[in-house]
Amino acid sequence: MGERCRRWAARGFLAVVPHLRGRGRSGGRITGCLEEAEDLALLGRILPQLGVRAHAYAGYSLGACVALKAAALEGKARGVAFVIGPVDFAEQVEILRRTRPEALARWREIFGGLPEECPECYRRQSPFPLAARLQAPLLVVQAGNDPLIPPTQACRLRDVREEAGRRVHQVALTREGEAWTLPLTKGRACLRPTGFGSLAEDHLVLFPDLHHAVTLAMEALVERFVLAWLR
């Protein structure tokens, strides 16, 4: 993140990377995708006081959910890049039960319980209601082999945006950023490839052969959209 900020600063941009609550130099206790989004929305509202004329968000993993909610709450962002982020935390718990049960104690601490213990906790975490409100263009970047965030979650986010009246262009790319030509199988088949459209409209870009990782091609894609939004 530090290197990414230096690259953006060299191009004349202000790059800000907030810590999650209770992490780094931030106080409080991590709440997943609740109060962190409110914190970031407040930061977005005061950016004009720092001389910032336009801003956009790029969130990764849990930070993607935070960025999406913050942008919808403050309402002035030019765009949001939602990169390998979760939208259904209850589904993630079910995956962890099968693959990493030792991680459930940490999830109970962060979310206030497991889904069966506190279903309302997980409803509050969901970005879906605010995703429908977001007026800025949304770029959703998803890995097809993510062990914790199935590609069907990204497709559900696409559905929410389409139901809200947004057009969502859909693309599948290799990890090198080339057009994907192989069949889309299993959960990846929820993608309906259309090709790229105007960068002022929503996009869902799937990297079918990637796990929970970021590649140079993915970074170049995010930068392409962010630069277009801030022009």
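Give the whole-number value, in cubic angstrom per residue, of the convex hull volume spanned by the C-alpha atoms of region 1-127.
118 Å³
Please give the per residue accessible area of region 84-137, computed with a probe of 1.4 Å over protein heavy atoms only, in Å².
Roughly 50 Å² per residue, with all protein chains present.
Go ahead and collect, in residue order, the members of region 143-184 whose backbone nitrogen is under 14 Å from a label point 7 Å along the Cα-Cβ direction of Ala213.
143-147, 174-177
Are there trypsin sites (Lys or Arg not before Pro) in region 59-116 that DSSP marks as loop and that have at most 15 other Cβ atoms within 10 Å, and which are they?
Of the trypsin sites (Lys or Arg not before Pro), the ones in loops of region 59-116 whose Cβ has at most 15 other Cβ atoms within 10 Å are Lys76.
Quick one: if you stick a label point 7 Å off each Cα along the C-beta vector at Arg7 and Glu35, how many nm between them?
3.4 nm
Taking the Cβ-Cβ separation of Leu227 and Glu162 as r and a Förster radius of 22 Å, what is the calculated FRET efficiency to the nearest 0.05?
0.30
Give me the one-decimal Kirkwood hydrodynamic radius in Å for region 119-231, with the sum taken over alpha-carbon pairs.
14.6 Å
Relative contact order of the chain: what whole-number percent is it, with Cα pairs under 8 angstrom and at least 6 residues apart?
The normalised contact order for the chain reaches 18 percent.
With r defined as the distance between the Cβ atoms of Glu201 and Arg106 and R0 fixed at 41 Å, what FRET efficiency is calculated, to the nearest 0.05?
Computed FRET efficiency for Glu201 and Arg106 comes out at 0.65.
What FRET efficiency, computed as 1/(1 + (r/R0)^6) with R0 = 30 Å and r the Cβ-Cβ distance, is obtained for Glu178 and Thr99, rounded to the nearest 0.05?
0.45
If N is the number of residues in the chain, what value comes out of its Cα radius of gyration divided by 2.2 N^0.38 Å?
The chain yields a ratio of 0.99.
For each cysteine in the chain, check whether another cysteine's C-beta sits under 4.7 Å from its C-beta; list those where none does.
Result for the chain is Cys5, no neighbouring Cys Cβ within the cutoff.
The values are calculated or read from the model by the stated rules, or taken from the named source; none is laboratory data. Note that the structure is predicted; figures quoted are calculated from it, not measured. As a convention, Cβ positions derive from the backbone with ideal geometry for all residues, glycine included, and neighbour counts pool all protein chains shown. For the accessible areas, the whole protein counts, side chains as well, though only heavy atoms, and no ligand, DNA or RNA atoms are used. Shrake-Rupley method; radii C 1.70, N 1.55, O 1.52, S 1.80 Å.
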